[in-house]
Amino acid sequence: VIPLLSDVGRLQSATPTPTPNGNPSSNSKGKVLPLLSDVGSNPSAIDYYSRVASNLAGAGRLGDFLIAAEGLRAASGDAGFAARINWRLLSRGVVAALREHGLPHVLEFLRDADRIGVHATVMLDADASDAVAAACRQLLDERIMAEFVEAIEALANCGFFVKGIVDPMDVLKIFVRKRDPDMAIRYARIFPHSQLLLCNTMEAFGKRKELKHALKVFGALKDQLGGINMFACRSIIDICSHCGSSVQARIIFEGLLAEKITPNTHVFNSLMNANAHSMSYNFSVYKHMQKLGVRPDLASYNILLKTCCNAREFNTAQEIYEEMKKKEHDGILKLDVFTYSTMMKVFAEAKMWKMASNIKDDMRAVGARLNLVTWSSLINAYANSGLVDGAIEILEEMIRDGCQPTAPCFNIILTALVKSCQYDRAFRLFNSWIEFGIKVSLSLEQKGSLPDNFTFCEEHPGTNGGTILVVPFRPTVTTYNILMMACGTNDERAKSVMNEMKRNGLCPDRISWSILMDIYGTSKNRNGAIQRHSEECNVLE
């Protein structure tokens with residue numbers, strides 16, 4: 001039986017001096033171990049009692065190990081005695097204690113060991129570390145979240161590599177789903193990269209439109225940093241925009257100014273984007289931006305164009321666009337597709353099709369290629385101006401340029417016909433597209449420039465060695481809704497259009513049923529309107 005350290009003084013006359021391998025020497029008769037108070041002057045005794053402590057740990061007697069280790073350190077005053085502990089025995093004892101007593105018992109041991117200078121987490125082998133990590137993951141799997149966070153905190157304080165237990169963001173996403181920002185903040189602060197984790201958590205709350213919780217995380221992040229982080233500030237303003245709270249975005253921005261902090265360009269852009277519905281406010285922000293000496297970038301101007309478009313201030317948008325072109329000429333800016341698309345949208349809504357066409361020429365002049373949004377805006381500019389044939393020509397030009405048209409491109413043209421009360425032509429064009437598609441003649445060079453994913457149903461030889469492509473038209477629910485509006489007061493024809501929609505595998509939406517009931521009402525078919533309403537309720541349920 002190994003004597004307790006407290007009994008060493010009484011047993012010194014009966015205990016032989018240990019050899020370096022820990023076994024009593026055969027010629028040690030008459031030699032005795034020193035008193036515990038004298039261990040510091042006897043290195044071999046320190047080794048011996050270190051092995052005693054190690055054996056206690058290996059037997060799973062972690063409490064006794066701590067008593068022995070603490071007494072030995074107090075007696076020897078040797079801060080490096082922990083290096084003499086057998087880490088294999090310690091690891092084996094931790095696994096045994098974990099299996100027999102559970103994770104809380106092991107965590108308490110690790111805390112106490114750390115307190116007396118035995119950094120046990122550093123000494124644990126891979127098997128022991130994996131066992132502790134597995135016990136933590138079990139808490140997570142069972143969604144015992146409070147205990148899990150407490151365990152991770154305890155392990156982190158003891159120097160355990162907690163990041164390897166589980167991806168921190170996976171845990172934070174659970175707290176986001178639980179709408180628990182307090183626990184998310186507490187957990188994120190365990191890690192050295194807590195700022196990044198808090199920013200990601202804030203954005204995760206924002207995506208779910210949990211603005212109140214996102215603001216709470218932002219406050220915690222600001223407190224931790226001792227000030228405002230520009231990246232975090234921009235993120236929370238973007239979240240305010242996503243949640244439809246432009247007022248809160250303004251409050252955050254004004255908080256920056258009140259603290260004499262100059263926001264950077266990105267923060268200004270996020271603020272203006274959140275307030276794109278308010279032209280007066282955004283232009284005041286733009287002037288303040290210039291006053292502070294913050295240089296606007298392309299995104300700044302694009303947002304101002306978007307603001308003008310929303311306010312239908314076409315002349316102001318044109319002035320900004322001309323200013324941007326001048327800056328591009330001077331090499332200060334490089335306009336992008338978003339700029340051109342926004343200006344086309346501005347001119348389309350103003351029914352200024354010539355100006356929209358000039359934008360296309362500007363793009364071609366600088367080598368910028370029109371995308372789907374740009375072509376759609378250009379088609380809309382012609383259609384809104386009543387130039388349906390011109391819109392169809394633009395649609396064909398779009399195909400020759402290698403841009404695959406989608407149903408909304410066709411729908412724009414059909415809508416223009418309905419708005420101009422050309423109902424029969426809308427049906428004729430629709431039926432032609434359904435039956436024959438849209439035929440476009442291409443040169444060999446144009447055909448060779450088509451992207452690999454360009455879809456067409458037929459190809460025929462054309463003139464001068466060219467080819468004729470037949471591009472299919474795939475109507476959507478919106479397409480049939482437009483056709484139903486083209487039925488005027490003919491309720492039977494509208495009902496027939498809806499039936500055709502169903503036969504093509506499409507399901508009428510609320511707009512479809514509303515249009516149909518409106519037509520029945522306009523045609524004074526009260527019974528038909530009631531019947532359609534009943535059908536709608538049955539379908540939508």
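The values are calculated or read from the model by the stated rules, or taken from the named source; none is laboratory data. Because the structure is predicted, anything quoted here is derived from the model rather than measured. All Cβ positions, even for glycine, are placed from backbone atoms using ideal geometry, and neighbour counts span all protein chains on display. What goes into the accessible areas is simple: the full protein's heavy atoms, side chains included, and nothing from ligands, DNA or RNA. Shrake-Rupley method; radii C 1.70, N 1.55, O 1.52, S 1.80 Å.
For this structure, a couple of remarks:
- Of the helices (runs of 4 or more DSSP H) entirely within segment 78-158, none holds at least 3 residues that are touching a residue at least 12 places away in the same chain (Cβ under 8 Å) and in contact with a strand residue (DSSP E or B) (Cβ under 7 Å, 6 or more places away or on another chain).
- Residues of segment 223-244 satisfying the condition of being under 18 Å from Lys212 (Cβ atoms), open to solvent by 30 Å² or more (accessible area, probe 1.4 Å) and within 23 Å of the chain's Cα centre (by Cα): Asp238, Ser241, His242, Cys243, Gly244
- Criterion: open to solvent by 20 Å² or more (accessible area, probe 1.4 Å), assigned to a helix (DSSP H, G or I), within 16 Å of Pro192 (Cα to Cα) and of a type outside the set (S, T, N, Q) - qualifying residue of Lys173, Lys163: Lys163
- Criterion applied to Tyr281, Tyr286 was being crowded, with 19+ Cβ neighbours inside 10 Å and more than 26 Å from the chain's Cα centre (by Cα), and the one residue passing it is Tyr286.
- Remark: pairs (first residue in segment 180-192, open to solvent by 20 Å² or more (accessible area, probe 1.4 Å); second residue aromatic (Phe, Trp, Tyr); Cβ separation under 6 Å; 6+ apart in sequence or on different chains) = Met183/Phe175.
- Every listed requirement among (1) open to solvent by less than 30 Å² (accessible area, probe 1.4 Å); (2) at pLDDT 90 or above is met by Asp141 save one, (1).
- Residues of segment 329-373 that are over 16 Å from Leu298 (Cβ atoms), of a type outside the set (A, V, I, L, M) and over 31 Å from the mean Cα position of the chain (by Cα): Phe347, Glu349, Lys351, Trp353, Lys354, Ser357, Asn358, Lys360, Asp361, Arg364, Gly367.
- Within segment 97-128, restricting attention to residues that are crowded, with 18+ Cβ neighbours inside 10 Å and small (Gly, Ala, Ser), the residue that is farthest from Ile67 (Cα to Cα) is Ala128.
- Within segment 458-474, the presence of at least one residue that is open to solvent by less than 70 Å² (accessible area, probe 1.4 Å), within 30 Å of Thr522 (Cβ to Cβ) and outside the structural domain of Arg510 (by the TED database) is confirmed.
- Search result, residues across segment 203-214 that are buried (at least 22 other Cβ atoms within 10 Å of the Cβ) and out of contact with any Pro (no Cβ under 9 Å at 6 or more places or on another chain): Gly206
- If only residues of segment 337-367 that are within 14 Å of Tyr321 (Cβ to Cβ) and part of a loop (DSSP other than H, G, I, E, B) are counted, the one that is least open to solvent (accessible area, probe 1.4 Å) is Ala350.
- In segment 411-429, the condition of being touching a Pro at 6+ places or on another chain (Cβ under 8 Å) and in contact (Cβ under 8 Å) with a residue 40 or more places away in the chain is met by no residue.
- Against the criterion of being in contact with a Leu (Cβ under 9 Å, 6 or more places away or on another chain), open to solvent by 50 Å² or more (accessible area, probe 1.4 Å) and in contact (Cβ under 8 Å) with a residue 12 or more places away in the chain, Thr262 qualifies.
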